[in-house]
Amino acid sequence: MKQILLLVLTAAVTVGEPQFRRLPVKEYRDKMKAGWVGQIAGVSWGAPTEFKWKDQIIPADKMPVWKPEMINHAFNQDDLYVEMTFLRTLEEYGLDCSIRQAGIDFANSGYPLWCANKAGRENLRCGIAPPDSSHPQFNKCPNDIDYQIEADFSGLIAPGLPQAAVDLGERFGRLMNYGDGMYAGQFMGALYAAAFFESDPVKLVEQALQAIPADSQYAEMVRDMLAWFKADPEHWENTWAKCQEKYRKNPAYQKASNGGIDCQTSMRMSPSLPQ
């Protein structure tokens, strides 16, 4: 924790003469806690709708009514508990811990997992070391959403330091994800990191976009979303429809996804691994 707080005290940008952005520890803690609470509330609120409205906008009258006690429904959500393993590794072995150690700790976790997380952990347990545990040769769902939904920690402990969040992704995200699945998590981590000093949503997305390869499909998607929003900022449904048309219905943009194959089928398609 002391190492993490050192990141908080001074965020340095070393291009030419050193430049500094300062964030008091008290302010950092307040924003960091707000980030965790926001994530927990979002996961708990949205969980009852999962898988029920595929390729549809949820009707407003079908949205769950938020109740404060719902915050306690988060303990069994993989969006949250996987990150606790990552944070524990950092706490035990420091911010410069190796991907090997991250892999050992993830392999030894005991909670239920699905899709890329499950495939990555099973690969690790079978002796396929990271980053190969996420490689498409061994993992049939490397572009799934897994690291994207559990990358929050990387930005919350790296205020104003998007590169630090990206580097953490290289050690933790590569345990289960590859390619766009990996970039998605690094984008999210950079988004959180930038949010400690920026509040404009568009500027935040533009800054986080710089953290991932410009020629990746994920970056293309983000650029499209920004352009569609700016063209019609009052009607988010139109932006959703355009995204659905291009990235869901167009086969050219489904080549790296499981498409219509569910996660369990994808797991059964994985090559035989050493016992």
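What follows is calculated from the coordinates using simple rules that are stated; it is not laboratory data. As the structure is a prediction and not an experimental result, all values here were calculated from the model. With ideal geometry, Cβ positions are generated from the backbone for all residues, glycine too; neighbour counts draw on all protein chains shown.
Dipole check for the stretch 74-269: with +1 at the C-beta of Lys and Arg, -1 at the C-beta of Asp and Glu, and the Cα centre as origin, the magnitude is about 660 Debye. Protection proxy ranking of 140-148, 38-46, by the mean of other Cβ atoms within 10 Å over each peptide's residues and highest first, is 140-148, 38-46.
Considering helices alone, the calculated mean residue ellipticity of the chain at 222 nm is -15500 deg cm²/dmol, with DSSP H runs of length four and up weighted by -39500 (n - 2.57) and normalised per residue. Using the Cβ-Cβ distance between A231 and A41 with R0 set to 41 Å, the FRET efficiency works out to roughly 0.85. Among the listed pairs K118/K246; K26/K67; K31/K242; K62/K140; K140/K203; K203/K249, which have their C-alpha atoms separated by more than 31 angstrom in this model? Pairs exceeding the cut-off: K31/K242; K62/K140; K140/K203.
Taking other C-beta atoms within 10 angstrom as a stand-in for reagent exposure, I128, I99, I71 fall in the order I71, I99, I128, fewest first. Derived scalar couplings between HN and Hα for the stretch 51-64 equal 6, 8, 10, 6, 6, 9, 8, 5, x, 4, 7, 9, 5, x Hz in order, rounded to whole Hz, by the Karplus curve 6.51 cos²θ - 1.76 cosθ + 1.60 (θ = phi - 60°), x for Gly and Pro. A protection proxy built from the mean count of other Cβ atoms within 10 Å ranks the segments 231-244, 173-186, 50-63, most packed first, as 173-186, 231-244, 50-63. Among the listed options (i) 42, 23, 13; (ii) 27, 26, 20; (iii) 38, 25, 19, the one matching semi-axes √(5λ) of the Cα gyration tensor in Å as calculated from these coordinates is (ii). Projecting the Cα atoms of A241, P136, V37 onto the charge dipole of the chain (Cβ charges, centred on the Cα centre) puts P136 farthest toward the positive pole. Highest mean packing comes first when the peptides 115-122, 211-218 are listed by Cβ atoms within 10 Å, giving 115-122, 211-218. For the chain, the membrane-span-like helix rule (DSSP H, alpha carbon extent of at least 18 Å along the helix axis, mean Kyte-Doolittle at least -0.5) picks out 25-46, 78-93, 180-195, 217-231; this says nothing about an actual membrane.
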